[in-house]
Amino acid sequence: MAICLAESLIECRSFDARDQMQRYIRWWREGVHSPTGRCFDIGNATSASLARFEKDGEPFAGSDDPYSAGNGSIMYAVYHGPDGLKRIAKRVHGWAVILAEALSEAGEEVLSDRFFDTLRVRPTTHSVNDVLAAAAEIGVNLREFGDGTLGIALDEKTDGEEIAALIECFGGRVSEITADSLEQGTEASARSVLARTSAFLDHPVFNSYQSETEMLRYIYRLQQRDLSLATSMIPLGSCTMKLNATTEMLPVTWPHFGALHPFCPDDQAGGYMVVGHLSRRWAFSICRMHIVPRAFLGLSR
């Protein structure tokens with residue numbers, strides 16, 4: 001599926017959900033890009049989504065059933081719990097409110113009237129290119145829509161320093177942004193018409209493991225109930241067969257790997273290209289298998 005996604009992004013030069021789903025279907029039904037010539041080890045939720053796309057042609061065919069959520073997102077919710085998720089959401093939206101108000105006061109046209117963490121802004125005091133250049137200098141990528149507007153997406157790592165730098169990119173003057181500023185923003189988020197009022201994540205599992213030690217013990221208890229390479233033999237090809245030590249997973253947390261945006265400019269992903277090139281060479285040396293298209297790695301030869 002990763003190769004299908006990469007080919008779609010390269011050939012369409014944009015995110016085309018329908019084209020991606022068609023490629024996933026060929027992988028599923030015809031074994032495209034599979035070394036065995038057939039698809040193996042596809043999950044129930046994935047196959048159900050592809051089947052729905054075949055039936056009605058809707059590319060965003062993922063299930064909204066809460067029981068079909070991926071383990072990664074579930075564990076994120078288990079660790080933070082409902083109170084933690086609300087704190088994160090209020091903080092992110094609070095920064096977005098502060099940024100929107102500051103840009104409006106600076107004379108920029110903020111087109112987003114209802115938003116959570118993402119703004120669409122039309123620069124009026126500086127050109128789009130000037131704003132993009134200023135953002136690039138501080139290590140920030142903004143989305144250029146091509147119609148004179150820019151997209152700004154915030155996340156849980158956003159802080160006051162980043163907000164101030166973004167305002168300056170648009171030529172705005174920054175007054176001191178403090179904890180009180182964020183408090184005002186979070187109050188606005190609580191009053192938002194989009195704010196959820198019903199209870200959620202009320203099961204005990206989402207309210208019991210909010211420390212790192214308790215979370216690790218919980219995950220360990222879960223894995224003890226499953227069949228693994230540590231206890232028995234399991235069929236090759238299963239995505240559950242990967243017995244990765246914690247030390248092997250550590251590099252995933254490095255910002256050089258984990259913080260790279262999937263749509264960042266090519267000149268910011270040189271290291272990834274080198275890793276991909278070396279991996280391809282090593283895989284060929286070991287297996288003599290040409291599986292990964294050169295275009296997937298961004299390589300000309």
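So here's what we get for this one:
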| quantity | calculated |
| --- | --- |
| Boolean, Ser14 is touching a helix residue (DSSP H, G or I) at 6+ places or on another chain (Cβ under 7 Å), of a type in the set (Ser, Thr, Tyr) and exposed (fewer than 15 other Cβ atoms within 10 Å of the Cβ) | no |
| Identity of the residue in segment 149-158, surrounded by 13 or more Cβ atoms within 10 Å (Cβ to Cβ), free of Cβ contacts under 8 Å to residues at least 60 places away in the same chain and out of contact with any Ser or Thr (no Cβ under 9 Å at 6 or more places or on another chain), that ends up nearest to Leu85 (Cα to Cα) | Leu150 |
| Residue among Pro204, Pro265, Pro235 that is farther than 30 Å from Gly84 by Cβ, exposed (fewer than 10 other Cβ atoms within 10 Å of the Cβ) and modelled with pLDDT of 80 or more | Pro265 |
| Restricting segment 98-127 to residues that are free of Cβ contacts under 8 Å to residues at least 40 places away in the same chain and farther than 18 Å from Arg173 by Cα, the residue that is surrounded by the most Cβ atoms within 10 Å (Cβ to Cβ) | Leu119 |
| Some residue of segment 36-49 being under 30 Å from Pro265 (Cα atoms) and outside the structural domain of Lys157 (by TED's automatic domain parsing) | yes |
| Residue ranges of helices (runs of 4 or more DSSP H) in segment 60-172 with at least 2 members touching a strand residue (DSSP E or B) at 6+ places or on another chain (Cβ under 7 Å) | 71-105, 128-137 |
| Single residue of Gly94, Gly37 found to be surrounded by fewer than 16 Cβ atoms within 10 Å (Cβ to Cβ) and not β-branched (Val, Ile, Thr) | Gly37 |
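Per-residue answers, yes or no, for (1) touching a helix residue (DSSP H, G or I) at 6+ places or on another chain (Cβ under 9 Å); (2) touching a residue at least 40 places away in the same chain (Cβ under 8 Å):
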{"position": "Asp19", "(1), (2)": "yes, no"}
{"position": "Tyr24", "(1), (2)": "yes, no"}
{"position": "Trp27", "(1), (2)": "yes, no"}
{"position": "Ser34", "(1), (2)": "yes, no"}
{"position": "Ala48", "(1), (2)": "yes, no"}
{"position": "Lys55", "(1), (2)": "no, no"}
{"position": "Ser63", "(1), (2)": "yes, no"}
{"position": "Ala96", "(1), (2)": "yes, yes"}
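The values are calculated or read from the model by the stated rules, or taken from the named source; none is laboratory data. In this text the structure is predicted, and so the values were computed from the model without any measurement. So basically every Cβ, Gly included, is an ideal-geometry build from the backbone, and we count neighbours across all protein chains shown.
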